Amino acid sequence: MLNHITLRVSDLEKSKKFFLAAFAPLGYKLFVEKPKSAGFGQADIEGNRDFWIKQFELGDTKSFSCLAFTASSKEMVEEFYTAALKAGGKDNGAPGYRPQYHPGYYAAFVLDLDGYNIEAVWDDLEKLKEGGFIAPHDL
């Protein structure tokens with residue numbers, strides 16, 4: 001199960017307008033705006049903003065900057081990281097909490113054989129609650 005996709009874009013403002021229009025029929029809305037990124041989803045709940053765009057200098061090749069897959073536990077994130085490294089991936093961020101994203105965001109990042117950033121992420125619901133976020137099952 002995918003957690004979110006981040007797409008590199010050359011012009012954030014133009015891309016926000018495009019995706020707002022293109023995604024409206026699908027029920028997607030813009031919920032998060034940061035200086036260099038924007039998050040879209042069907043609901044403004046942590047973990048449900050599943051499509052992100054990020055300002056980035058693009059070369060000739062256009063690609064995803066991150067593919068994040070949902071894990072159901074901390075241990076699963078750690079197992080993903082270990083297995084990916086053993087399979088030839090390169091470390092791009094050891095398992096750990098990433099409070100810069102939100103409280104309880106526990107993830108590991110590995111570059112695959114082609115250099116794509118592959119992530120496993122688990123949301124620690126207790127830390128989300130401690131941070132004042134509403135967990136999806138509490139709605």
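The values are calculated or read from the model by the stated rules, or taken from the named source; none is laboratory data. Please read all numbers here as calculations on a predicted model, not as lab measurements. Please note: Cβ atoms are built from the backbone with ideal geometry, for glycine as well, and neighbour counts cover all protein chains shown.
Summary table
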quantity	calculated
Pick from the stretch 79-114, criterion free of Cβ contacts under 8 Å to residues at least 40 places away in the same chain, surrounded by 12 or more Cβ atoms within 10 Å (Cβ to Cβ) and assigned to a helix (DSSP H, G or I), ranking: nearest to the chain's Cα centre (by Cα)	Tyr81
Filter pass, Lys62 being of a type in the set (Lys, Arg), surrounded by fewer than 16 Cβ atoms within 10 Å (Cβ to Cβ), modelled with pLDDT of 70 or more and more than 21 Å from Pro103 (Cβ to Cβ)	no
Matching residues in the stretch 46-59 - criterion: being modelled with pLDDT under 65 and not acidic (Asp, Glu)	Gly47, Asn48, Leu58, Gly59
